[in-house]
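Peer 1: Here it is, the structure, as structure tokens.
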Amino acid sequence: MEEIISLAKRRGFIYQGSEIYGGLAGTWDYGPLGVALKNNIQNLWWKRFVLDREDMYGMDAAILMNQNVWKASGHVAGFADPLVEDLKTKKRYRADHLLEDNNVDPKGMTLEQMDAAIKEKKLKSPDGNPLGDVRQFNMMFKTHMGATEDETSISYLRPETAQGMFVNFKNILDSFHPKLPFGMAQIGKAFRNEIAPRDFIFRVRELEQMEIEYFVNPKDWKEPFEAFQKEQITFLVEDLGITESKIHQVEIAPADRAHYSKHSVDTEFDFPIGQKELYGLAYRTDYDLAAHTKGSGVDLSYFDEEAKERFIPHCIEPTFGVGRTMLAILSDAYTKDTLNGEERIYLKLSPKVAPVIAAVFPLLKNKPELVGKAREVFTMLKKEFGRVMFDDNGNIGKRYRRQDEIGTPFCITVDFDTIEKDQMVTVRHRDTGAQERVAIVELTDYIKKAIQ
Ligand code: GAP
């Protein structure tokens, strides 16, 4: 993990949030290559789950919502993590993490059971001090809207994008008249006041989610649930190029499910910190639409024309964390090997997600005819793919190393043969170092094939 964090910072993927002021725990800033990788992830997700389907409606709801949304959804009362306090330093810890760190599996434990386990094992805080009782800590960031700070002006930064879709359910019905089953999809920021943000971008306070709320007739929930379960793996393997053997799907025990879920399967990944949750999939039943019908007084039911029956649709929710996807991709791709007798570090990224798809070099920096031709090739590819780099610094070997470290699949060199003989360039492959000559006129199609 330390090596990945270091590469991410050094090469402009991810920086610590507010770094020059000593940082801000649980926040990270994405640099140019991080944004490029993130955009590729999000575009692939949007393509698979929205553009390629006929039953999905894209959304982008406001982050700030009426506080009654969160009262109705159960988040004000129940979106909490178990907290335990060091009685001397007043530092706060996640009780379940503390148990895990002391070889006690907290899965399925109630608050009282965690409290009892900590007391029975006489666990101390990481600073060696006695601990208080385990209690619930609400993770929503609370703020006030407008100039008055009272109960009526309270608002929360959303802790999940999902509610922005539930509250727009009726708008979609009224604008598009979709038939069940259909879904709403959204990519956006969410905020959680995590007690202990840790493990780089794995657990943060400002995160990004890609979520789908898929509405079904209650008698038909199983089939789409299983289809999404498979699609989560297909997205990881086929779109993002992640190693399938590192992905595991785990059914969540009733006591560990979110308050709204009747059935949950997590997709876990072998992160450098162990096998942990990457994505979630929950059968939310009619929990949310029923709660908002009650909370708002607006009828969120659906009328089935064929069966002539009115009911509140049930919801299946596949949810994908963007940051955790990024961490899975980076840690899966991080590779060390020896090439031509030299040790190197490279990112074995799929061309579909690589922030730079190709880098173009003139063989020599001080030969204007080589530089001119290389700029021509660069401009042609840049117009087509956007994510293309030009580099004429240092020798070719050094340029290769730099591109390997950021996972660029193709390095393209313009040499004297290109301009004097054949209008061809040398394409060097990142993983093997193998080189081949490709005609300039064929380069665009050559790269397109790799990202299909
Ligand atoms: N709408 C359902 C929901 O929000 P969740 O399991 O709490 O479910 C969904 O979160 C996904 O968001 C997780 O599977 C994970 O990928 C990501 N996620 C949740 N909390 C996170 C955090 N503190 N830091 C980074 N990613 C997080």
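Peer 1: Could you give the angle, 0 to 90 degrees to the nearest 10, between helix 287-296's Cα long axis and the longest principal axis of the Cα atoms of the chain?
Peer 2: The helix 287-296 is inclined about 60 degrees to the chain.
Peer 1: For segment 53-114, with only Lys/Arg (+1) and Asp/Glu (-1) charged at the beta-carbon, what is the dipole magnitude about the Cα centre, in debye rounded to 20? Show your work: numbers first, answer last.
Peer 2: Values: 8 positive and 11 negative charges, 73 e Å.
Magnitude of the dipole: close to 360 debye.
Peer 1: Where a ≥ b ≥ c are the square roots of the eigenvalues of the C-alpha gyration tensor, would you call segment 238-325 rounded, which needs a/c under 1.5, or, failing that, prolate if a/b is larger than b/c, or oblate?
Peer 2: Judged from the Cα gyration tensor, segment 238-325 comes out prolate (a/c at least 1.5, a/b above b/c).
Peer 1: Okay, next question. Roll a 1.4 Å probe over the protein chains and send me the accessible area per residue for the chain in Å².
Peer 2: Heavy-atom accessible area per residue stands at 48 Å².
Peer 1: Keeping the other protein chains in place, figure out the carbon and sulfur percent of the accessible area of the chain, with a 1.4 Å probe.
Peer 2: On the way: 10650 of 21470 Å².
C and S atoms contribute 50 percent here.
Peer 1: In the structure displayed, which of K189/K348; K348/K383; K246/K348; K352/K449; K348/K382; K262/K308 lie more than 18 Å apart, Cα to Cα?
Peer 2: Pairs exceeding the cut-off: K189/K348; K348/K383; K348/K382; K262/K308.
Peer 1: Compare the Cα positions of T143, G386, M65 along the charge dipole of the chain (+1 at Cβ of Lys, Arg; -1 at Cβ of Asp, Glu; about the Cα centre) and return the one farthest towards the positive end.
Peer 2: The Cα lying farthest towards the positive end belongs to G386.
Peer 1: As I understand it, the value is the acute angle between the Cα axis of helix 32-46 and the longest principal axis of the Cα atoms of the chain; what does it come to in degrees, rounded to 10?
Peer 2: The angle comes out near 60 degrees.
Peer 1: While we're here: Residue-wise, which Karplus ³J(HN,Hα) couplings in Hz belong to segment 387-402, taking 6.51 cos²θ - 1.76 cosθ + 1.60, θ = phi - 60°, and x for glycine or proline?
Peer 2: Taking θ as phi minus 60°, the curve returns 7, 10, 10, 10, 9, 10, 8, x, 7, 4, x, 5, 5, 4, 4, 5 Hz for segment 387-402.
Peer 1: Turning to a different aspect of this structure: If amide H atoms are built 1.01 Å from N in the plane of the peptide, which residues on other chains or at least 5 residues away come under 5 Å of the amide H of L278?
Peer 2: So L278 has HN proximity to T267, E268, F269.
Peer 1: Let me know the charge dipole size of the chain about its Cα centre in debye, to the nearest 20, where only the beta-carbon of Lys, Arg (+1) and Asp, Glu (-1) is charged.
Peer 2: Approximately 1100 debye in magnitude.
Peer 1: I'd like to know which of I406, N193, P181 lies farthest towards the positive end of the charge dipole of the chain, counting +1 on Cβ of Lys and Arg and -1 on Cβ of Asp and Glu.
Peer 2: The one lying farthest along the dipole's positive direction is I406.
Peer 1: Convert each backbone phi in segment 343-351 into a coupling constant with the Karplus relation 6.51 cos²θ - 1.76 cosθ + 1.60 (shift: θ = phi - 60°), then list the ³J(HN,Hα) values in order as whole Hz, x for Gly and Pro.
Peer 2: Calculated HN-Hα couplings, in order: 6, 8, 10, 9, 9, 8, 7, 5, x Hz.
Peer 1: Of the peptides 196-204, 221-229, how do they stack up when ordered by the mean number of other Cβ atoms within 10 Å, highest first?
Peer 2: Top of the packing list down: 196-204, 221-229.
Peer 1: Order 255-266, 153-164 from most to least packed using the mean count of other Cβ atoms within 10 Å.
Peer 2: Values: 255-266: 16.3, 153-164: 20.7.
Result, highest mean first: 153-164, 255-266.
Peer 1: Another question, if that's okay. Specify whether the C-alpha gyration tensor of segment 366-452 places it in the rounded, prolate or oblate class, a ≥ b ≥ c being the square roots of the eigenvalues: rounded for a/c under 1.5, otherwise prolate if a/b is larger than b/c and oblate if not.
Peer 2: Values: a/c = 1.40, a/b = 1.11, b/c = 1.26.
It is rounded, given that a/c, with a ≥ b ≥ c, falls under 1.5.
Peer 1: Please list 3J(HN,Hα) in residue order for segment 49-55, calculated via the Karplus relation 6.51 cos²θ - 1.76 cosθ + 1.60 where θ = phi - 60°; whole Hz, with x for glycine and proline.
Peer 2: Once θ is set to phi - 60°, the couplings for segment 49-55 become 9, 10, 5, 7, 10, 9, 10 Hz.
Peer 1: Relative to the longest principal axis of the C-alpha atoms of the chain, give the angle of the C-alpha long axis of helix 368-385, reported between 0 and 90° and rounded to the nearest 10°.
Peer 2: The two axes meet at around 30 degrees.
Peer 1: Hey, got the dipole for segment 270-404? About the Cα centre, +1 on K and R Cβ, -1 on D and E Cβ, debye to the nearest 20?
Peer 2: 1060
Peer 1: I've got another one for you. Based solely on its DSSP helices, what 222 nm [θ] is calculated for the chain when runs of n ≥ 4 H residues each add -39,500 (n - 2.57) and the sum is averaged over all residues, nearest 500 deg cm²/dmol?
Peer 2: Numbers: 14 runs with 135 residues, N = 452.
Counting only the DSSP helices, I get -8500 deg cm²/dmol.
Peer 1: Give the ranking of F79, F176, F416 by solvent-accessible surface, highest area first, calculated with a 1.4 Å probe.
Peer 2: F176, F416, F79
Peer 1: Going by a ≥ b ≥ c, the root eigenvalues of the Cα gyration tensor, does segment 89-177 fall in the rounded group (a/c under 1.5), the prolate group (a/b larger than b/c) or the oblate group?
Peer 2: Oblate shape, in that a/c is at least 1.5 and b/c is the bigger or equal ratio.
The values are calculated or read from the model by the stated rules, or taken from the named source; none is laboratory data. The structure presented is a predicted model; accordingly, all values stated were derived computationally and were not measured. Using ideal geometry, Cβ is built from the backbone for each residue, glycine included, and neighbour counts are taken over all protein chains shown. In case anyone asks, the SASA skips ligands and DNA or RNA and just uses the protein heavy atoms, side chains included. Shrake-Rupley method; radii C 1.70, N 1.55, O 1.52, S 1.80 Å.
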